[in-house]
Structure formats: structure tokens, C-alpha cells
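We did not get these values from a lab; they are worked out from the coordinates using the rules stated. If you're wondering where the values come from, they're calculated on a predicted model, not measured in any experiment. No Cβ is skipped: glycine too gets one built from the backbone with ideal geometry, and neighbour counts run over all protein chains shown.
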Amino acid sequence: MPPDWWRGTTPQRLPSYGGTPVGGEIREFDAARFPVNNTSLLRSLYFQEARASGIEIELDEVSLTVCWSKFERCTFRQRSGRLNAYGFAPQGSFGNRPSIYLDCIFAGVRFKTLGRFVTGAARFVRCRFERCHFHGHFSRGADYIECTFTGRIDGCVWFGTVPPGDTEAGRRNVITGNDFTGAVLGPNIGWRDGFDFSAQRWPVGYQRVYPPRCAYRIPRSYARKQPTSRPDLYEFTLGSGAARNDLLSSRSPRR
């Protein structure tokens, strides 16, 4: 029986985009097994139905693709986000297709929707996110279960339900038991669409603040897609500049 983290999908071969899929049992990581893309000069790490345990992967100078794979007690480390000679930054997805990470460490990873690493359709269980960068990160369809976060978190959005426009739109993400007590949470974080705030652990004094109903306006184009949307579904930790940085609309409602 397929595991639940496959989300009802069936493994199939995807376009390689210059990479050669590596699958099966992986006990040692050898970067030489993965080719360097001639266009980007990034090493194409492509995992398809892989089962990796206890390996450490350096994410500098790589392009990551992960599909229907399982990683257990692995470490993903990024030391630099600099562009290479061809102008490409380390980038990719931890969940191009459903994948799971158990008791893994993510150290210094640059999570950002455009041009860096994204979480995609991954499930993270008891993982540690240490001093990762989240500015520009949109966690749309990932699951987080009993994970620990340390370091600064700001300029990002976390969805409790997969938003409209995505393949799994309407799916309830599993986000519970996560520990943010060791994180420094900035003023511009969006906990959106049913993110279960009460099911996580937060720094002392940290609380979710709902903007007034009149403070934000849902664009008409969005309202047509989701007629039942209400402004109070968009939850922000408010601070200086939070209203200016609202990712839906910074304009005041019409009087």
C-alpha cells in the first residue's frame, strides 16, 4: 500500500532537465554521481524514489530535484548563496513530488520561492531548521510535524491550506507540534489560510495579530476564484511596515 505522504500520487519519470535520476538505497553521498548542467554550471542532484539514510549533502553549487523520496537522519547544508560565474544561485525543490524527511537537519539553507530552494510537496518530521534564511519563502503545500526552528524568520508566508492555483488546492497541510521558541520572529510573517497557530510552540510573548477587517482589501480577481474569502483569513504578525508589505494588497479599501 502506498505511504500516505505520497498524497495519492503514483511515481513516474519526470523530465530530467540535464540530471540523471538516482534512486534506491543511498548510504553514502558521492557528488560525482550527479552531472554538472552545461547551461547553469550547477550540479544536478536528482533523487527519484530514493531512500537515503545518514548522508550529508552540501547544497552549494547545486540544483535539487526530489520526487517520491525518503531521507532519514540526513543533513542538508548550505554555506553560501552567491551566484556562480554564469549568474545562477544554488536552487531547487525538496518536494517536486511528495517526499519525506525524518529527523533531518537543514543548516543555513536559503528558502525562497524565486531562484533559491522551495519546500514544495515535502513532509518534514522532527527536523531541525538551523539558521536558515526564509525571506521570500512561501510554504504553500509542505507538512511540518514536531520540527524545531532556530535563527531569524521574517519576510515569509506559511499556508495552513494549499492556496488556489496550486495542483493540490484546498488540501489541508499537516502542521503541528513545531517548536519556534528558539527562533527570532520578525514583524512581516504571514500565517495564512487556517494555519493552526495554537498547535505550535512560540517564544514568550509572541502572539498572532489579526488586521482589522477594513485594513486590507481582497482583490476582485482573487475574490472571484474564492468567493468565500474573508480578510481575516490573512493573518499577520504586525509591526512597523507590516501593512505596507501586505502580499495581497497594500491599498486601503474603497469608502
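Taking the Cα centre of segment 73-143 as origin, work out the dipole magnitude from +1 charges on Lys and Arg Cβ and -1 charges on Asp and Glu Cβ, in debye rounded to 20.
Values: 13 positive and 3 negative charges, 25 e Å.
Taking the Cα centre of segment 73-143 as origin, the dipole is about 120 debye.
Rounded to the nearest 0.05, what FRET efficiency is calculated for THR176 and SER53 with R0 set to 25 Å and r the Cβ-Cβ distance? Taking R0 as 25 Å, the efficiency between THR176 and SER53 is 0.50. Available extension along the chain between VAL204 and ARG126 is 25.9 nm, counting 0.36 nm per residue and deducting the alpha carbon span. Based on Cα contacts under 8 Å between residues 6+ apart, segment 1-84 shows a relative contact order of 26 percent.
Beta-bridge orientation, segment 24-124: approximately 5 percent antiparallel, per DSSP, counting only bridges with both partners inside. Simple spin-label estimate for SER80 and HIS135 gives 1.9 nm between the two label positions (7 Å along the Cα-to-Cβ direction from each Cα).
Rg of the Cα atoms in segment 76-159, relative to 2.2 N^0.38 Å, amounts to 1.03.
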